[in-house]
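Before any comments, here is the structure.
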């Protein structure tokens, strides 16, 4: 059913009105768009965003909806370095009132079960978890979902940190900030020793990191069916 719904969503395109963009940290930017009343999604899903104000070769890219469904705007966050792709150059050109096209939302990277859950983020991979946490906070049901977040960033940038800490204060969610792979493994081991295959394991971040952590979990007897992955690419 999920795949069928995704297929239907892909064919539904809508134009989003650009509001503003701003810098989250060095080399990381967020873009805000107006949210139409009939637009909704499951926290953690992504949309396919297309540049429409000028012609570029690869004009469509997937981005996680970093905003929660209960928020009043659509937010996406991306890395933009000193030599950005044509797509990201076009994103930086957006002015208030201009539009991009979005298909979706799609994807199965969202919470389904009321079980102990660990959300592992690598760098920009925190974006789906911002959506998930802000939705839990808005619904006021954080106590029903024992959730731990491991936010791994070797640069210690930790985008959204103030927002995430605010959510943690208002819910039972626990957030641990980590800057070494060894510490990340230690924290994962604590969770697996308590929950094993009774828990769910979400991993989001660069493809190499996601695959590495998935292999680490499976080598520690965590079933593949209990692991959800969301790999991010540079574009």
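The values are calculated or read from the model by the stated rules, or taken from the named source; none is laboratory data. Computed from a predicted model, the values in this text were never measured in an experiment. Please note: Cβ atoms are built from the backbone with ideal geometry, for glycine as well, and neighbour counts cover all protein chains shown.
Exactly one residue among 213, 203, 222 is in a helix (DSSP H, G or I) and at pLDDT 95 or above, and that residue is 213. The set of residues in segment 80-109 that are surrounded by 18 or more Cβ atoms within 10 Å (Cβ to Cβ) and within 16 Å of the chain's Cα centre (by Cα) comprises 104, 105, 106, 107, 109.
When segment 126-140 is limited to residues that are farther than 13 Å from residue 165 by Cα and over 13 Å from the mean Cα position of the chain (by Cα), the one that is surrounded by the most Cβ atoms within 10 Å (Cβ to Cβ) turns out to be 136. Residues in segment 142-160 include none that are assigned to a helix (DSSP H, G or I), at pLDDT 95 or above, surrounded by 19 or more Cβ atoms within 10 Å (Cβ to Cβ) and touching a strand residue (DSSP E or B) at 6+ places or on another chain (Cβ under 8 Å). Looking only at residues in segment 178-189 that are surrounded by 13 or more Cβ atoms within 10 Å (Cβ to Cβ) and in contact with a strand residue (DSSP E or B) (Cβ under 9 Å, 6 or more places away or on another chain), the one that is nearest to residue 226 (Cα to Cα) is 188. Return yes when residue 50 is touching a residue at least 24 places away in the same chain (Cβ under 8 Å), over 30 Å from residue 149 (Cα atoms) and either in a strand (DSSP E or B) or in contact with a strand residue (DSSP E or B) (Cβ under 6 Å, 6 or more places away or on another chain) (or both) and no when it is not. When the stated conditions are applied, residue 50 passes them. On the given criteria, is residue 175 in contact with a strand residue (DSSP E or B) (Cβ under 7 Å, 6 or more places away or on another chain), at pLDDT 95 or above, crowded, with 19+ Cβ neighbours inside 10 Å and in a loop (DSSP other than H, G, I, E, B)? When the stated conditions are applied, residue 175 does not pass them.
Would you say residue 201 is within 19 Å of the chain's Cα centre (by Cα), buried (at least 18 other Cβ atoms within 10 Å of the Cβ), at positive phi and not assigned by TED's automatic domain parsing to the domain that holds residue 25? No; evaluated as a whole, the condition is false for this residue.
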